1. So, of the residues in region 114-137 that are part of a loop (DSSP other than H, G, I, E, B) and under 22 Å from LEU34 (Cα atoms), which turns out to be nearest to the chain's Cα centre (by Cα)?
2. Determine which single condition PRO372 fails, assuming it passes every other condition in (1) outside any helix (DSSP H, G or I); (2) over 30 Å from ARG260 (Cα atoms).
3. Of the numbered conditions (1) in contact with a Leu (Cβ under 8 Å, 6 or more places away or on another chain); (2) modelled with pLDDT under 95, GLY221 fails exactly one; give the number of that condition.
4. If I filter region 3-33 down to residues being surrounded by fewer than 13 Cβ atoms within 10 Å (Cβ to Cβ) and among the hydrophobic types (A, V, I, L, M, F, W, C), which single residue comes out as modelled with the lowest pLDDT?
5. Mind counting the residues in region 375-392 that are part of a loop (DSSP other than H, G, I, E, B) and farther than 14 Å from GLY357 by Cα?
6. Condition first: surrounded by 16 or more Cβ atoms within 10 Å (Cβ to Cβ) and acidic (Asp, Glu). Now tell me which residues in region 69-123 satisfy that.
7. Is region 96-113 home to any residue that is within 18 Å of the chain's Cα centre (by Cα), acidic (Asp, Glu) and at pLDDT 95 or above?
8. (1) under 19 Å from LEU48 (Cβ atoms); (2) surrounded by 15 or more Cβ atoms within 10 Å (Cβ to Cβ); (3) touching a helix residue (DSSP H, G or I) at 6+ places or on another chain (Cβ under 6 Å): which one isn't true of ASN207, the others all being true?
Amino acid sequence: MTATTGFPAPISLADGLVLRQAQPADLDQIGTLLAERGEPADALDHRLVVTDPDAGWSACAVVVDGDRVVSTATLLDEEVRIGSVHLPAGQVELVATDREYEGRGLVRALMRWAHDRSAARGHVMQAMIGIPYFYRLFGYEYAIDIPPAQTVRTPPPGEGTPALRAARPSEIPAMAALQDATQSRFDVAMPHSAACWRWLLAHEASNLWVLEQADAVVAVGRTTPPDDGVLLAEAAARDEAAARDLLRGVAALVPDSEVRVVHRAGTVTATAWQEFLDYEPRKQAEQYYVRIPDVAALLGRLRPLLWHRLTTAGMDRTGRDIVISTFGAHYRIPVHADGLGEVVAGGAMQSPGIVGGAGVAPDYLPALLFGPHGIEGLTRIRPDVYARREEELFQALFPPLTADLLTYYLPY
């Protein structure tokens with residue numbers, strides 16, 4: 001999507017504050033605010049977004065007190081693939097409020113703006129990384145595991161130093177192709193948008209590296225600045241030899257520093273690096289947030305996937321509805337001989353088992369649809385997630401999923 005979507009009229013808030021679309025005259029103030037409340041590099045990242053033709057100024061909102069910018073947020077366009085279904089999604093980033101104006105509900109107002117804009121852009125979900133718990137106040141729930149980072153015990157052996165170099169804009173298609181091949185192994189994936197690839201080449205929070213052989217890009221990785229060691233993330237390689245050379249090349253960049261790598265389970269890099277890493281169990285859960293604004297709309301988009309799972313399991317449910325209750329509401333999906341019908345939303349249903357349905361607490365619906373536990377795993381840890389009379393059906397419809405999300409900022 002491009003930046004042609006209209007922006008609503010300015011919104012008056014309490015104490016004379018106004019929420020409106022950001023504009024070029026706000027650029028320096030927004031940059032200063034982001035740098036003060038976040039990282040110095042955030043100012044450049046914001047500039048890259050609002051001056052990009054695929055995002056533009058309508059992607060950003062500010063709250064102003066007269067001519068003073070006191071709070072801001074930016075909404076990015078994303079796409080989440082689950083199975084073969086592609087879901088338009090939004091991601092909120094670059095959120096900051098002046099300390100003098102905290103506690104006035106400005107972030108809440110900006111999140112409401114972001115979600116309204118997200119709906120206008122056709123997004124059926126939002127995904128993000130953010131402050132622990134905070135974004136649950138705005139309808140987000142933890143759903144998708146963030147992969148762990150492991151320490152490199154010793155770099156792979158090899159002669160010479162691999163020809164690792166900074167990526168170039170002309171190599172975006174090659175890098176994207178390597179990531180697409182890597183993400184094809186996962187049930188759920190969020191790739192970088194074309195715009196995000198451009199921003200990543202220019203911003204300062206991480207560096208993009210490529211390994212070239214015979215004039216072809218055979219590996220790509222993204223590293224953090226070498227402050228207290230280096231993190232290698234989003235690594236993708238054509239084969240195991242290229243993956244090992246990528247790791248050797250990154251280690252050579254910082255010979256006296258610790259290198260950690262993000263473990264993308266089941267990928268070429270994970271296999272190639274296995275013997276060179278010290279695997280440590282994760283001490284605390286780390287997950288991406290997901291928000292589902294309209295359950296019926298999302299389930300409607302997922303009908304081809306649910307039908308595929310149903311038929312793959314060899315279940316003939318013709319003439320019988322699939323019923324999912326979030327207790328305060330419920331959703332019926334008719335099963336026809338050739339596919340699933342339109343989702344029908346209804347009112348409260350406290351005992352879905354009576355009609356052969358599943359019960360899912362609304363705050364666990366994102367984890368059910370996108371997470372690693374599936375309904376069987378969630379049932380073991382949540383009394384309010386169950387499918388007592390139709391366990392086989394709902395285990396087929398909602399299995400455990402693997403996931404790999406690429407975001408503007410690394411979640412580490």
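The values are calculated or read from the model by the stated rules, or taken from the named source; none is laboratory data. In this text, all values refer to a predicted model and were calculated from it rather than measured experimentally. Neighbour counts are summed over all protein chains in view; Cβ atoms, including those assigned to glycine, are modelled from backbone coordinates with ideal geometry.
1. Out of the qualifying residues, it is ILE129.
2. Exception for PRO372: condition (2).
3. (2)
4. ALA9
5. 2
6. Residues satisfying the conditions are ASP77, GLU78, GLU93, ASP98.
7. No, region 96-113 has no match at all.
8. For ASN207, the exception is condition (3).
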